[in-house]
Each structure stands twice: as structure tokens, then as C-alpha cells.
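Enquirer: First the structure, which I've put down as C-alpha cells, then a few questions once you've had a look.
The values are calculated or read from the model by the stated rules, or taken from the named source; none is laboratory data. Note that the structure is a prediction, hence the values are computed from the model and not measured. Cβ placement follows ideal geometry from the backbone for every residue including glycine, while neighbour counts extend to all protein chains displayed.
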Amino acid sequence: MAIHENCHLICVLGGKGGVGKSVFAANLAAAILQEMRVPTLLLDLDAKSAGDQNVILGVRPQKTVGEIATFAGAITPQSLPTLITNHPSGLSYIGAVQGPEQTLNAPADLFRKQLLTISQSYRFVVADIGCDFDALQLGILEDASAAVVVASPEILVVNQTKKILNDLLSASFPIDLFHLVLNKVSRTSIDPRAIGQALRRPILAQVPQDDTTAFAALQRSSPFVLSAPTSPISLAYHDVVRQLTGGILQKGKASARPKAQIPTSKSSAQIGGQTSTPDQKGPRAKTKKVIDSITLLKMQVHSALIKEMDLKKDLMNTEGDPEKAKELRNKTQRIVSGITDRLAPTLSRDERARVIKEVLDESLGLGPLEELLADPTVTEIMVNGSDMIYIEKSGKLQLSTVTFTSNNHLKTVIERIVNPLGRRIDERTPYVDARLVDGSRVNAIIEPLAIDGPAVTIRKFPQDRITADDYVQRFGSMTKSMVELLRICVEQGLNIIISGGTGSGKTTLLNVMSGFIPSNERIITVEDAAELQLKQEHVVRLETRPANMEGTGEISIRDLIRNSLRMRPDRIIVGECRDGAALDMLAAMNTGHDGSMTTVHSNSPREAISRLETLCMMAGMELPSRAIREQIAGAVDLIVQISRMSDGSRKILSITEVVGMQGETITLQEIFRYKEEGFDKNRKIIGQFQPLGMIPTFIEEFEARGVNVPRNLFLPNQDDGKSPTSSAGAAKLSPPGVLNKPRMSGSTPANPIKKASGGNDE
């Protein structure tokens with residue numbers, strides 16, 4: 001609230017310029033001062049103000065709205081006279097501008113905070129907010145006890161006023177907040193009753209047209225309520241004041257304040273809107289749903305909305321058009337506002353806005369998930385039935401406070417996600433992979449496979465694209481030396497496997513590394529659900545397709561990889577290899593598509609090799625193990641191992657080169673490694689990235705192409721690797737020594753700075 005509890009705020013607005021709302025606001029404030037005999041403040045908050053109130057009152061403001069908003073001192077009863085301009089009648093005034101050469105420019109939040117302090121000294125504040133609204137005007141309107149809409153009895157003015165009211169209703173303002181006053185009424189005017197019916201609001205008052213009195217007041221720079229108090233036009237203003245103070249302001253003030261919550265019985269444990277008795281057994285014992293009054297109201301509003309609108313048809317008609325979607329949302333919001341006011345006329349303004357927003361989200365969006373998706377600190381959302389939604393923040397899981405009203409509501413949201421993608425979810429196909437508009441990955445599974453209700457997992461796509469610098473500076477996931485090595489390897493066309501467990505960040509790292517690909521190369525991406533957001537222009541994105549209702553028409557990763565080979569790609573990037581597609585991927589890497597990348601699920605580089613071998617066997621080709629291993633050794637050049645640590649952070653645990661074959665074994669050589677050293681006082685993992693001193697075998701090939709690779713990238717620290725993580729890989733050059741054999745698993749090289757001649761069998 002920006003208004004003190006003992007003060008009433010009255011906003012004056014017009015549907016169109018020229019209806020006299022500025023004159024009305026000044027005379028209304030003067031009439032309140034005369035009628036109520038209490039301190040009254042007039043605010044000029046018209047976004048297009050040229051200083052009209054300065055002319056009407058015949059004063060020049062000491063401080064403007066913008067100056068008060070940025071006032072650095074303390075606002076006290078002693079300092080108030082230096083900020084507020086006093087009219088000879090006793091009316092206080094804050095102007096928007098000093099003159100026509102200035103424009104109103106005031107931060108909404110700052111001014112509302114200052115107004116909260118200022119309003120302690122007044123009983124009434126009249127704000128002229130004009131007919132163009134931005135954050136300042138809308139913020140003031142939220143705190144108003146009443147809003148007086150000034151209109152003249154003209155067809156064009158009535159039409160513009162109707163548009164203004166519709167826009168404000170679409171912004172979740174209650175219809176009862178607005179009270180219509182007809183200005184400049186004469187015998188030849190349109191029938192006021194017809195105007196009231198057109199605007200769906202009763203006429204609060206009619207101000208007669210009296211150009212002579214109004215013109216004379218402007219000439220004297222004094223409101224006519226003061227200079228001509230007995231004129232019919234002045235008496236009409238006093239009538240407006242009596243009607244407003246006769247219950248309208250008190251009712252509006254009460255609805256603007258949130259109501260006290262009624263304590264509920266604690267006879268049974270309540271968790272997330274449900275009650276459970278102590279003798280229930282099982283991890284998800286059946287519970288009796290407790291529906292609070294707000295949830296019940298939302299269900300009633302939603303039911304009434306379905307009767308008035310065919311939402312499914314209207315959503316299909318938008319066809320992804322942003323303008324149509326915006327128009328549909330505004331139309332739906334007006335209808336929801338009207339239904340809410342009809343079903344719960346005594347609802348507080350905060351609760352009303354909450355009900356309208358949540359019903360809109362349920363009707364046109366993703367329900368309670370909208371709030372979580374809008375929160376940038378939430379990285380993952382896990383829905384375990386309608387009443388249990390977990391979220392991941394800073395790598396840690398926690399139970400959120402939002403819930404769905406029912407499992408049917410949750411199913412509707414799932415269908416709203418998958419239908420635009422041409423996918424389906426039903427009893428025949430009770431699980432699906434999909435994506436949101438922003439690229440976030442979605443997996444959903446419903447009954448009968450999900451016993452406790454539909455389960456949805458959303459891995460959010462970051463709004464700000466993560467860069468390699470973020471891995472080094474923000475997350476501490478690797479060092480600059482490691483980034484430099486990966487950049488060179490991608491640019492020079494090495495085939496790279498990114499290995500890691502579920503949720504370790506494989507796809508994000510793949511996205512970052514794909515940014516190193518030169519822009520003049522043709523890239524084909526193949527994914528189950530398109531997540532990769534490559535910044536290059538020459539990119540073709542392919543996405544798999546599930547089977548149709550008849551069980552035919554499925555397009556798999558393998559199909560797309562084989563098809564991509566005929567699309568003249570320079571590089572093929574596969575989101576994840578999880579089946580026989582691994583064999584096709586290796587074949588592509590071995591047939592001239594150097595620089596290809598993919599991800600696999602595994603916990604170490606050695607396990608990644610075994611995983612690839614197993615996946616190749618799933619292709620059904622019945623190849624001998626040695627042939628598959630030779631394919632892997634010939635195709636894969638580098639394995640990057642990433643992991644999600646116990647404190648929620650992600651780290652590059654290892655960068656390992658695939659050297660070749662020794663007998664029946666694929667030999668590996670580790671280049672970088674992350675070593676854990678314990679925990680700090682906040683239970684965050686402490687460790688360091690260690691270059692192991694092994695120079696990769698592909699460095700000579702790079703240098704033959706004229707690519708200079710700094711050898712100090714691979715140097716261990718001279719203090720035996722005890723330096724902090726941030727300085728790992730930045731050691732000084734050690735004196736050259738004798739050539740070393742490659743380090744085998746568990747061995748320690750005597751002189752680690754040497755070119756490898758074999759492999760490391762981890």
C-alpha cells in the first residue's frame with residue numbers, strides 16, 4: 001500500500017482528452033476541503049501534463065512529483081512545508097511539472113514509498129492520472145479507494161471511455177472501483193441512462209455545462225468551487241463529495257486491504273492443502289483433500305468461464321500468433337474479472353487479483369507452473385501428482401507452496417504442452433517427451449503407469465545463454481586452460497563425447513561447446529526434444545517424432561542421423577545417444593564428419609567407452625566386440641566428464657583423450673582432472689583442477705596445420721597441485737626433461753611434462 005490507512009485516495013481519469021478531467025480534479029479537491037474541513041492534497045500525475053493544474057490553481061509547485069520521488073532527505077511534518085505547495089484556500093498541491101517544457105518522469109516505486117509517508121498528514125488525496133497509464137499511474141490506481149471516470153455526453157467520448165474501462169478491467173482492476181461522472185451535461189446531450197448502459201456503470205453524478213463560470217475561474221486562476229460556491233456547477237461537485245464520502249470510499253478502502261486469515265483447526269496434520277491422520281501408512285498414504293475458500297472460488301470461476309467461452313477452440317484459433325494470443329488473453333481476463341466480481345463481490349483486492357491471475361494461468365497457460373517458470377532461480381520443476389511440486393534452487397531440492405487443484409487439471413496442462421508439438425499422451429501412450437516454447441525440456445507420465453497421479457519433470461532452459469566464461473567465473477566448473485583446450489579441439493574438428501549422469505549439465509555444456517564451431521560450417525542437430533540453441537546461422541535442427549495413434553510413423557534418432565548424412569553436413573551434433581543410434585553416430589564420425597559431438601550417460605570416461613560399446617550392440621548388427629571397440633577408438637577423440645556434485649554444483653571432473661587400442665583394450669589418457677579436498681563451513685566442496693602434465697597426441701597434428709597450442713596449458717603447478725582451483729593450469733613453465741611413458745592407471749609420472757607415446761588404461 002502507498003497510502004496511509006487513515007487516508008483516502010481518489011483517482012480522477014478521463015476516457016479522452018478534452019472532457020475536463022483536470023478541472024474536475026482540482027474542483028473536487030477544493031470541494032472536499034470545503035465539505036469535510038480536513039487536510040486535502042491534490043496530485044498532478046497526468047503522464048501528458050503540461051502544467052494545467054498550475055494554471056487552474058494559479059500556483060507554481062515548490063517540488064514536482066519527480067523531485068519528491070528522488071528526494072534524499074527524510075519526509076517529516078517539519079520538512080513537509082518545503083515539499084508541498086499550499087494554495088491560499090488551504091489546499092495542498094504537488095505538481096507534475098513546472099511548465100510545458102518539462103515532462104513527468106518519476107520512478108513509480110520510489111514515489112509510492114514517499115506518498116505513503118506524505119499521506120500520513122492528509123485525510124484525502126485526489127490524484128489526476130489523465131488518460132494514458134504507465135507504471136506510476138497504474139500503481140497509484142491500485143491503492144485508490146475510488147476512481148472517478150470523467151466523461152462528456154458525446155458519442156466519441158463514450159466510445160473511448162469504454163475502451164479505457166476494458167483495458168483497466170483486463171489489468172485486473174475491479175469494476176466496482178470505477179464511478180462514472182458526466183461532465184458538461186446540457187439539455188441537448190445524449191441520455192445519461194443510455195451512456196450508463198453502454199459503459200455498464202451507473203452515473204454517480206451529472207455536472208451541468210456552465211462555460212461562463214468555468215472560463216471566469218480560469219481567468220482568475222482559482223477553482224470555481226471557491227470563487228462561485230453557490231453556482232449550480234459548484235453544487236454538483238459538493239454532491240459528488242457527499243456520495244463518495246457516504247460509503248463509497250469506505251467500501252473501496254476495505255476491499256483494498258487484505259482480510260485477516262481465519263485460523264483453521266489443528267486437529268489433524270495439514271500438508272499442502274491436505275489432511276492426514278497419524279495411523280495412515282505408506283509413503284503416499286491416501287489423504288482427504290481440504291479445499292479452502294479461494295480454491296473453491298477458482299474452481300467455480302473456471303467452471304463458469306468454460307460455459308461462457310470455448311477455450312479449446314479459441315486457443316486453436318490463435319495458431320501461435322502473438323497478437324491473437326494477446327487479444328484472447330485480454331478477452332478472457334475481462335470475462336474472468338466479471339465472473340469473479342459476480343461470485344465474490346466482497347473479495348479483497350489482493351485476493352481478487354490473485355484469483356484472476358491463477359484462473360487465467362489455468363485457462364490459457366500452465367496453471368501454477370507459470371509462477372515457477374517465471375522464477376529465474378528455479379532450475380528444475382518436479383510434479384509428483386497434483387498436490388506435490390518440488391523445485392530445484394541452487395542445486396538443492398525443496399517443496400514448493402503451489403499446487404494444482406486436481407489431477408484432471410494437471411492432465412489438462414500436460415496436454416496443453418504436448419498438443420502444439422504434434423505429440424499425444426493418453427492411456428495407450430502414457431508418457432511423452434516434449435519441450436516448452438523457451439526450449440525447456442519436459443517429460444510427463446500419467447496413469448496407469450504413474451500410481452499417485454501424473455508426474456511432470458521440467459528442466460528449465462536458462463533465459464540468459466550460458467557461456468564458457470560463466471563456467472569459469474560464475475560456476476567455477478573449469479579453468480581457463482580447460483576452456484582454451486576445448487575451444488581448440490572443437491575448432492580443429494575433434495570428435496567429442498560429453499559424459500555425465502542425469503542432471504549433470506551435459507546438454508548445457510554441449511550448447512556452450514557448440515559455440516566454438518566456426519560459423520562457416522554447416523551443422524545438423526538431432527534431438528528427441530529440440531533444446532540446443534546454436535548461435536551460428538547455418539544450422540539445420542531435426543527432431544524425432546513418436547508413433548501415431550495406429551502405432552506407425554515413428555521417426556527415431558537413428559533415422560535422422562542416417563538422413564543427415566545425405567544433407568551435406570560438416571558436423572553432426574546429437575543431443576544424446578541412448579540406443580543403437582550410437583553405432584550410426586560412430587559411423588558418421590568415421591566417415592568424414594569430423595568435429596561431431598554427442599552426450600552419453602556414464603559416470604567416468606572409462607565407463608563412457610563401455611556405455612558406447614553396449615549401445616552399439618543394441619543396434620542389432622551382431623558385430624564382434626573388437627570391431628565395435630575399433631570403431632570407438634577410431635571415431636572418438638576426446639571425452640569430457642561432467643558431474644553434479646553433492647553440494648549441487650557442476651564440475652568438469654575430467655578431460656580425457658582416446659589414444660587408440662592396445663590389444664583388446666581402448667587406451668585413454670587423462671589430460672585434466674578435478675580433485676576434491678573437502679568441504680568449507682557452508683558444506684560447499686573445496687577442490688582444484690589439475691593438469692596432469694600429459695600432452696595429447698593430437699597436438700603435433702594441430703601444430704602441423706599451423707595451430708599454435710601453448711604447452712603451459714598442460715603444466716601441473718610447481719607446488720604439487722596445492723594451489724586454489726582458480727589458479728589451476730596457470731603454472732610457470734618447468735624445465736624440459738626426458739620423455740616419459742604415458743601414465744597408467746594408479747601410477748605417478750616421474751616427469752609429467754612430456755608427449756605421450758601410448759595410452760592410459762584408467
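Enquirer: Asn682 - would you say it is at pLDDT 60 or above and assigned to a loop (DSSP other than H, G, I, E, B)? Before the answer, list the steps.
Expert: Working: at pLDDT 60 or above: yes; assigned to a loop (DSSP other than H, G, I, E, B): yes.
When the stated conditions are applied, Asn682 passes them.
Enquirer: Under the condition of being in contact (Cβ under 8 Å) with a residue 40 or more places away in the chain and closer than 30 Å to Arg349 by Cα, which residue from region 208-242 is farthest from the chain's Cα centre (by Cα)?
Expert: His238
Enquirer: Okay, moving on. What are the residues in region 414-429 that are within 21 Å of Asp321 (Cβ to Cβ) and of a type outside the set (Asp, Glu), if any?
Expert: Once the filter is applied, which keeps residues that are within 21 Å of Asp321 (Cβ to Cβ) and of a type outside the set (Asp, Glu), region 414-429 yields Arg416, Ile417, Val418, Asn419, Pro420, Leu421, Gly422.
Enquirer: Would you call Val490 under 30 Å from Asp387 (Cα atoms), at pLDDT 85 or above and buried (at least 17 other Cβ atoms within 10 Å of the Cβ)?
Expert: Answer is no for this residue.
Enquirer: Hey, among the residues in region 604-627 that are under 27 Å from Ile695 (Cα atoms) and among the hydrophobic types (A, V, I, L, M, F, W, C), which one's surrounded by the fewest Cβ atoms within 10 Å (Cβ to Cβ)?
Expert: Ile609
Enquirer: I would also like to ask the following. For region 36-65, which residues satisfy the criterion of being out of contact with any strand residue (DSSP E or B) (no Cβ under 8 Å at 6 or more places or on another chain) and crowded, with 19+ Cβ neighbours inside 10 Å?
Expert: Across region 36-65, the qualifying residue is only Ile56.
Enquirer: For region 671-686, state whether one or more residues are polar (S, T, N, Q) and crowded, with 20+ Cβ neighbours inside 10 Å.
Expert: no
Enquirer: Residues of region 618-638 being in contact (Cβ under 8 Å) with a residue 24 or more places away in the chain and over 20 Å from Gly663 (Cβ atoms), which ones?
Expert: Met618, Ala619, Gly620, Met621, Asp637, Leu638
Enquirer: Provide a single number: the residues in region 533-561 that are within 18 Å of Asn511 (Cα to Cα), part of a loop (DSSP other than H, G, I, E, B) and in contact with an Asp or Glu (Cβ under 8 Å, 6 or more places away or on another chain). Outline the logic, then answer.
Expert: Initially, region 533-561 is screened for residues within 18 Å of Asn511 (Cα to Cα), giving 533-543.
In the following step, the residues that additionally are part of a loop (DSSP other than H, G, I, E, B) were identified as 533-538.
Remaining after also requiring in contact with an Asp or Glu (Cβ under 8 Å, 6 or more places away or on another chain): 536, 538.
Summing the residues that are within 18 Å of Asn511 (Cα to Cα), part of a loop (DSSP other than H, G, I, E, B) and in contact with an Asp or Glu (Cβ under 8 Å, 6 or more places away or on another chain) in region 533-561 gives 2.
Enquirer: Same structure again: Of the numbered conditions (1) farther than 19 Å from Val483 by Cα; (2) touching a strand residue (DSSP E or B) at 6+ places or on another chain (Cβ under 9 Å); (3) of a type outside the set (Ser, Thr, Tyr), Ile652 satisfies every one except a single condition; which is it?
Expert: Status for Ile652: all satisfied but (1).
Enquirer: For Glu576, all conditions in the list (1) surrounded by fewer than 24 Cβ atoms within 10 Å (Cβ to Cβ); (2) touching a helix residue (DSSP H, G or I) at 6+ places or on another chain (Cβ under 8 Å); (3) over 30 Å from Ile391 (Cα atoms) hold save one; what is the number of the exception?
Expert: (3)
Enquirer: Inside region 433-465, can you point out the residues that are surrounded by 19 or more Cβ atoms within 10 Å (Cβ to Cβ) and in contact with a Pro (Cβ under 7 Å, 6 or more places away or on another chain)?
Expert: Hits for region 433-465 are Ala444, Ile446.
Enquirer: On the given criteria, is Ala304 surrounded by fewer than 18 Cβ atoms within 10 Å (Cβ to Cβ), in the same structural domain as Ile414 (by TED's automatic domain parsing) and part of a helix (DSSP H, G or I)?
Expert: So Ala304 does not fit the description; no.
Enquirer: If I filter region 466-482 for residues that are buried (at least 22 other Cβ atoms within 10 Å of the Cβ) and among the charged types (D, E, K, R), do I get at least one hit?
Expert: no
Enquirer: Return only the number of the condition from (1) more than 19 Å from Ser386 (Cβ to Cβ); (2) modelled with pLDDT of 85 or more; (3) surrounded by fewer than 18 Cβ atoms within 10 Å (Cβ to Cβ) that Glu371 does not satisfy.
Expert: Failed condition: (1).
Enquirer: In region 188-245, which residue that is acidic (Asp, Glu) and not in a helix (DSSP H, G or I) is surrounded by the fewest Cβ atoms within 10 Å (Cβ to Cβ)?
Expert: Asp191
Enquirer: Let me ask another. Give me a count of the residues in region 642-681 that are out of contact with any Lys or Arg (no Cβ under 8 Å at 6 or more places or on another chain) and either closer than 30 Å to Gln398 by Cα or free of Cβ contacts under 8 Å to residues at least 40 places away in the same chain (or both).
Expert: Here the count works out to 12.
Enquirer: Pull up region 122-142, narrow it to residues that are of a type in the set (Val, Ile, Thr) and under 16 Å from Gly20 (Cβ atoms), then point me to the one that is surrounded by the fewest Cβ atoms within 10 Å (Cβ to Cβ).
Expert: So, considering only residues that are of a type in the set (Val, Ile, Thr) and under 16 Å from Gly20 (Cβ atoms), the one surrounded by the fewest Cβ atoms within 10 Å (Cβ to Cβ) is Ile129.
Enquirer: Could you list, in sequence order, the residues of region 371-424 that are polar (S, T, N, Q), within 19 Å of the chain's Cα centre (by Cα) and under 27 Å from Glu543 (Cα atoms)?
Expert: Thr379
Enquirer: So which residues in region 307-347 are within 27 Å of Ile248 (Cβ to Cβ) and either outside any helix (DSSP H, G or I) or among the hydroxyl-bearing types (Ser, Thr, Tyr) (or both), if there are any at all?
Expert: First, pick out the residues of region 307-347 that are within 27 Å of Ile248 (Cβ to Cβ): 333-347.
Ser337, Thr340, Ala344, Pro345, Thr346, Leu347 - these are the residues of region 307-347 that are within 27 Å of Ile248 (Cβ to Cβ) and either outside any helix (DSSP H, G or I) or among the hydroxyl-bearing types (Ser, Thr, Tyr) (or both).
Enquirer: So Thr82 passes all but one of these: (1) within 41 Å of the chain's Cα centre (by Cα); (2) more than 26 Å from Val185 (Cβ to Cβ); (3) surrounded by fewer than 22 Cβ atoms within 10 Å (Cβ to Cβ). Which condition number does it fail?
Expert: All conditions are met except number (1).
Enquirer: Which residues, taken from region 353-368, are surrounded by fewer than 21 Cβ atoms within 10 Å (Cβ to Cβ) and either of a type outside the set (A, V, I, L, M, F, W, C) or free of Cβ contacts under 8 Å to residues at least 12 places away in the same chain (or both)?
Expert: Correct list: Arg354, Lys357, Asp361, Gly365.
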